[in-house]
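Down below is the structure, laid out as structure tokens.
Quick note: the coordinates plus some simple rules give every number you see, no bench work behind them. Computed from a predicted structure; not experimentally measured. Note that we place each Cβ from the backbone using ideal geometry, even for glycine, and neighbour counts take in every protein chain shown.
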Amino acid sequence: MRLEGKKVLVTGAGKGIGREICKLLSACGAEVFAVSRTAADLQSLAAEIPCKTIVADLAEAQQAVSAAEQALKLAGRIDCLVNNAGISIPQSFLDTTADAFDRTMAVNVRAVMLITQVIAKDWIARKSPGAVVNLSSQASMAALADHAAYCASKGGLDMLTKVMALELGPHQIRVNAVNPTVTLTPMGEMAWGDPKKSGPMLAKIPLGRFAKPIHVANAVAYLLSDAADMIHGVTLPVDGGFLAQ
């Protein structure tokens, strides 16, 4: 999976899956433009790999738009976009607050729409092809207790991905989603470290193990690459077979 000469914008780049994606894309030859709301995370990423960084809170609509515009200004052009930024605020359905629901939707769905609009309009104006990968979740297709807002947001993201694919495809802009299972980022390991919690979930995964960030990053790199030139509009599980049941 070679990405030499490609300029890639990655949101949610400071931690976990997003950070692993940035590291892999850089190793594949891409020039990375990293967005995070935490400046310290971006500084440590820039110490690891060559990248340009942008600080933005994507829950704020104007900051999401500005981040995409700033990336275009810094890069001159963007060739690929990875909408990785996402949040989860676990609450039972009956206790889900309007604020938690709205913030989850703002980051997980609205920011994807706003950032992709900016980048896609530039591609269309330049008559240039492009590739977008949205980071969704198996939770878009299998309900997870205490995650009403999160599951709803990822279901919405999957359908947004398909609409984007339908409308942007004629411009040779490919749009796909990756849908991981539980992924063992530092936060994931903390959340799922208790065998009483992880055991029932692992029992539903035929491969018997959770994903690692590199598994997700590999799928993203493939979908951005020319090797996936005819793959468009898919929601690709990276779930060890969880959704096969």
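With a Förster radius of 35 Å, plug the Cβ-Cβ distance of L94 and K212 into 1/(1 + (r/R0)^6) and report the FRET value to the nearest 0.05.
0.55
By the scheme Lys and Arg +1, Asp and Glu -1, what is the net charge of all other residues having a beta-carbon under 12 Å from that of R174?
-3
Using 13 Å as the cut-off for backbone N distance, which residues of segment 103-123 belong to the label zone defined by a point 7 Å from the Cα of E69 along Cα→Cβ?
Only 115, 118-119 pass the distance filter.
Suppose R0 equals 45 Å. What FRET efficiency, 1/(1 + (r/R0)^6) with r the Cβ-Cβ distance, do K196 and Q117 give to the nearest 0.05?
About 0.55, to the nearest 0.05.
Tally Lys/Arg at +1 and Asp/Glu at -1 over every other residue whose Cβ is under 15 Å from the Cβ of M141; what's the total?
Charge balance near M141 sits at +1.
For n ≥ 4 DSSP H runs only, could you compute -39500 (n - 2.57) per run for the chain, divide by its residues and tell me the 222 nm figure to the nearest 500?
-13500 deg cm²/dmol, from helical runs alone.
Any chance you could give the angle, 0 to 90 degrees and rounded to 10, that helix 39-48 forms with the longest Cα principal axis of the chain?
70 degrees
Show me 134-141, 70-77, 232-239 ranked by packing, highest mean number of other Cβ atoms within 10 Å first.
Output ranking for 134-141, 70-77, 232-239: 134-141, 232-239, 70-77.
With no solvent and one equal point scatterer per Cα, compute the Debye intensity ratio I(q)/I(0) for segment 206-245 at 0.22 Å⁻¹ and report its log10, rounded to two decimals.
-0.79
To the nearest 0.05, how large is the calculated FRET efficiency for E60 and M230 if R₀ is 45 Å and r is the Cβ-Cβ distance?
Efficiency computed from Cβ-Cβ geometry: 0.75.
If we count every other residue with Cβ under 11 angstrom of S66's Cβ, Lys/Arg +1 and Asp/Glu -1, where does the sum land?
Result for the local shell: -2.
In a Gaussian network model over the chain where Cα atoms closer than 10 Å are linked, find which of L157, L202, L25 has the largest mean-square fluctuation.
Checking each option, the largest mean-square fluctuation is seen for L202.
Taking H placed 1.01 Å from N in the peptide plane, check which residues at least 5 places from I89 or on another chain put their amide H under 5 Å from its amide H.
For I89, whose amide H was placed from the backbone, the distant partners under 5 Å are Y150.
What is the packing order of peptides 166-174, 179-187, 107-115, taking the mean over residues of other C-beta atoms within 10 Å and listing the highest first?
Top to bottom by mean Cβ count within 10 Å: 107-115, 179-187, 166-174.
Whole-Å semi-axes of the chain's equivalent ellipsoid, largest first, each the root of 5 times a Cα gyration tensor eigenvalue?
For the chain, the ellipsoid semi-axes come out as 27, 19, 19 Å.
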